[in-house]
1. Suppose we filter 82, 35 for residues that are loosely packed, with under 15 Cβ neighbours inside 10 Å, polar (S, T, N, Q), in a helix (DSSP H, G or I) and in contact with a helix residue (DSSP H, G or I) (Cβ under 8 Å, 6 or more places away or on another chain); which single one remains?
2. Has segment 4-11 got at least one residue that is at pLDDT 90 or above and within 13 Å of the chain's Cα centre (by Cα)?
3. Give 33, 79 a once-over and let me know the one that is of a type in the set (S, T, N, Q) and in contact (Cβ under 8 Å) with a residue 12 or more places away in the chain.
4. Which one is surrounded by the most Cβ atoms within 10 Å (Cβ to Cβ) among residues in segment 46-71 that are modelled with pLDDT of 95 or more and assigned to a helix (DSSP H, G or I)?
5. What are the residues in segment 1-27 that are outside any helix (DSSP H, G or I) and either loosely packed, with under 11 Cβ neighbours inside 10 Å or of a type in the set (D, E, K, R) (or both), if any?
Amino acid sequence: MVPRSAVELLARILAHMAAGQGVSVVPADAELTTQQAADLLNVSRPFLIGLLDAGEIEYRKVGKHRRIRADSLLDYKRTDDQRRREAADELTALGQEMGLQ
């Protein structure tokens, strides 16, 4: 028997694919280069470096290179997505208060 969590994960993957969205499977403890991390966030590498330098995403240095754990990157993405949703909700509410909708 397949565990329920595996079936739910597969359903989410298929839903993303049906919507034309790409899907990547990355182990949580995988370490990414700055370019790989930037690609996953769909931002430029310099923008990602700024996030790292600002302490927004945890990373470690290997020599002079930065390595970002996949779970740290996904934690940042979840938090950032939540902030964006809240900001959009606030703008919608403000627009309604001003009679713009």
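The values are calculated or read from the model by the stated rules, or taken from the named source; none is laboratory data. Values in this document were obtained by computation on a predicted structure and should not be read as measured data. With ideal geometry, Cβ positions are generated from the backbone for all residues, glycine too; neighbour counts draw on all protein chains shown.
1. Values: 82 fails: in contact with a helix residue (DSSP H, G or I) (Cβ under 8 Å, 6 or more places away or on another chain).
Answer to the check: 35.
2. Looking through segment 4-11, none of the residues is at pLDDT 90 or above and within 13 Å of the chain's Cα centre (by Cα).
3. Unique residue meeting the criteria: 33.
4. Going through the qualifying residues, I end up with 48.
5. Hits for segment 1-27 are 1, 2, 3, 19, 20, 21, 22, 23, 24, 25, 27.
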